[in-house]
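I have placed the structure first, in the form of structure tokens, so that the comments after it can refer back to it.
What follows draws every value from the coordinates through simple rules; no lab data is involved. Computed from a predicted model, the values in this text were never measured in an experiment. FYI the Cβ positions are ideal-geometry reconstructions off the backbone, even for glycines, and counts take in every protein chain you see.
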Amino acid sequence: MTHEVTNQVPPLTGHDVADDPAMAEGVRREGAEWALGELRILGTLAGSAQAQEWGRLANEHPPVLRTHDRYGVRIDEVEFHPAWHELMTVAVEHGLHAAPWSSSRPGAHVARAAKFFVWSQVEAGHGCPISMTYACVAALRHSPALAAEWEPLLASRAYDFGLRPAAAKRGVLAGMAMTEKQGGSDVRANTTRAEPLGDGTYAITGHKWFNSAPMCDAFLVLAQAPGGLSCFLLPRVLPDGSRNAMRLMRLKDKLGNRSNASAEVEYEGAVAHLVGEEGRGVRTIIEMVNMTRLDCVIGSAAGMRYGVTQAVHHATHRRAFGTALAERPLMRNVLADLAVESEAATAVMLRLAGATDRAIRGDTGEGALRRMALAAAKYWVCKRAPAHAAEALECLGGNGYVEESQMPRLLRESPLNGIWEGSGNVAALDVLRSIAKEPDNLDAFFGEVDLAKGADPHLDTAVRQAKAALTDPATLEYRARHTVERLALVLQASLLVRHGPSAVADAFCASRLGPERSLAYGGLPSGVDLGAIIERVTMKIS
């Protein structure tokens with residue numbers, strides 16, 4: 001042995017991931033304080049070495065497609081490493097999927113959002129089928145008979161993997177297939193056909209360029225019916241036990257999200273059930289899309305929290321130039337800036353979860369706020385995630401660029417939520433459409449933001465600018481990204497000013513809305529209480 005190993009950072013394990021002041025405060029504020037005990041249980045598991053090893057293994061051993069068995073019989077199955085099933089079991093048993101839909105307790109969807117936030121910091125890929133199972137229920141309720149049949153299984157807390165008839169399982173999962181080669185986000189260009197079979201079902205024939213989580217038990221699928229583009233529920237296995245005619249052609253070789261399977265599929269007269277009305281497929285499936293968009297925001301916020309936690313932990317234990325990195329003024333500025341971004345993302349995702357919970361329970365005002373704010377937050381929070389991940393990785397230096405640190409996995413994962421359920425342009429234009437079609441949404445949005453009026457001069461100025469930017473419709477689409485960015489920022493700032501610690505709120509408003517706004521992390525102005533901000537990220541190791 002040529003040398004002694006020193007100055008290496010110990011692994012961040014043995015902590016409670018739910019020991020997060022910003023998250024806990026938001027959960028209380030949005031009416032789910034009753035879930036904090038459950039979150040601590042899940043957070044302790046998430047911080048364990050065992051759970052983190054599950055996340056590593058699930059990505060080191062990605063899913064494998066088996067199109068045929070040894071006898072040449074078509075099976076179209078996806079095989080996963082046991083670690084994937086461990087992650088899924090925890091997620092389902094803790095109700096991160098559709099469980100809130102079966103609860104009448106106020107705050108159920110907030111509690112679920114917080115759990116998704118905590119557990120996603122272990123591994124993000126398995127959140128895809130969990131998210132779609134959650135979101136599927138909103139669309140299924142357009143067909144009460146189908147909802148009555150499938151909801152109890154979708155909401156079940158039993159993870160029952162394997163292709164069998166839904167009625168023979170203790171719980172089921174749902175996926176989605178919207179996009180095709182020729183259209184992408186333009187789903188009205190879809191060519192997949194749906195032909196009535198005369199018994200209330202339809203035969204689906206065509207292809208999908210992206211089928212999310214093809215190992216699931218059922219899928220919401222868009223296809224052209226006689227009455228126009230329509231939404232269908234397509235089961236993988238038919239009631240008699242035979243496989244539905246859904247062929248998995250190949251799995252996508254993706255930048256990130258390696259643990260999860262995404263597939264190209266073809267349908268050869270696959271049996272499906274109409275959800276909602278013929279010709280109203282987009283309006284029906286958009287209910288699912290809005291729910292998964294919420295999870296895009298949650299997932300990006302979770303990635304930010306994971307990244308800044310790892311960065312602060314590393315800088316606290318790593319010494320350079322005679323002192324801990326975390327004591328160097330410039331590094332403290334970077335760490336605090338990352339923490340501010342993370343808190344702002346956490347605050348807005350929990351506010352949106354609260355609006356979702358109340359809208360589902362009939363609050364029309366919260367529904368109006370959610371319709372506009374969700375698209376704006378989806379655009380901005382997901383857009384910030386890759387830069388945040390890159391900066392957090394850089395805080396670890398060369399160690400962060402090595403796979404063993406898990407930071408490269410975070411970086412590869414970070415662009416996904418910005419693309420999934422509508423890329424940046426789609427999300428930005430959705431905000432403009434929301435304003436044009438339902439002006440009450442804009443009133444609800446600024447009604448929320450104006451609750452902080454007079455509390456911070458930078459915020460007041462930014463709100464005036466945001467309102468003025470909406471008064472020139474001739475150039476609004478051209479400026480959509482800048483306009484929606486400004487809307488998202490004033491919403492985040494309003495939430496932090498009203499509910500966050502002054503150190504965080506002042507730093508956010510000065511650095512994101514003030515005249516000395518920096519394009520790089522580490523640009524917080526002098527006078528900010530960096531220590532108070534960083535302290536909210538420091539993990540207590542048991």
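Just a few scattered comments:
- For the range 441-462, a tally of residues being surrounded by fewer than 17 Cβ atoms within 10 Å (Cβ to Cβ) and farther than 14 Å from Asp506 by Cα returns 6.
- Hits in the range 1-32 - residues which are part of a helix (DSSP H, G or I), charged (D, E, K, R) and touching a residue at least 12 places away in the same chain (Cβ under 8 Å): Glu25, Arg29
- Subset of the range 304-337 [within 19 Å of the chain's Cα centre (by Cα) and of a type outside the set (Lys, Arg)]: Met304, Tyr306, Gly307, Val308, Thr309
- Tally, over the range 161-189, of residues that are closer than 20 Å to Ala99 by Cα and within 23 Å of the chain's Cα centre (by Cα): 7
Results for (1) crowded, with 24+ Cβ neighbours inside 10 Å; (2) touching a Gly at 6+ places or on another chain (Cβ under 6 Å), shown as yes or no for each residue.
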position	(1), (2)
Phe232	yes, no
Asp240	no, no
Asn244	no, no
Arg247	no, no
Asp253	no, no
Ser259	yes, yes
Glu264	no, no
Glu277	no, no
Arg283	no, no
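- Counted as qualifying within the range 435-542 are the helices (runs of 4 or more DSSP H) with 2 or more residues that are under 29 Å from Asn425 (Cβ atoms), namely 439-449, 457-469, 480-499.
- Taken over the range 56-90, the residue count meeting the criterion of being closer than 15 Å to Arg243 by Cβ and in contact (Cβ under 8 Å) with a residue 60 or more places away in the chain is 7.
- Only one entry of Glu123, Glu149, Glu86 meets the criterion of being more than 22 Å from Lys169 (Cβ to Cβ) and of a type in the set (Asp, Glu), and that entry is Glu123.
- Unmet criterion (only one of (1) farther than 30 Å from Gln406 by Cα; (2) in contact with a His (Cβ under 7 Å, 6 or more places away or on another chain); (3) of a type in the set (Ser, Thr, Tyr)) for Tyr134: (1)
- Elements of type strands (runs of 3 or more DSSP E) in the range 212-265, at least 3 residues being closer than 23 Å to Ile286 by Cα and touching a Ser or Thr at 6+ places or on another chain (Cβ under 9 Å): 218-225, 228-235
- Hey, Leu154 surrounded by 24 or more Cβ atoms within 10 Å (Cβ to Cβ) and aliphatic (A, V, I, L, M) or not: yes
- Among the residues of the range 452-474, those identified as among the hydrophobic types (A, V, I, L, M, F, W, C), touching a helix residue (DSSP H, G or I) at 6+ places or on another chain (Cβ under 6 Å) and touching a residue at least 24 places away in the same chain (Cβ under 8 Å) are Ala452, Ala455, Leu459, Ala462, Val463, Ala466.
- Qualifying residue in the range 455-462 (condition: of a type in the set (Gly, Ala, Ser) and over 25 Å from the mean Cα position of the chain (by Cα)): yes
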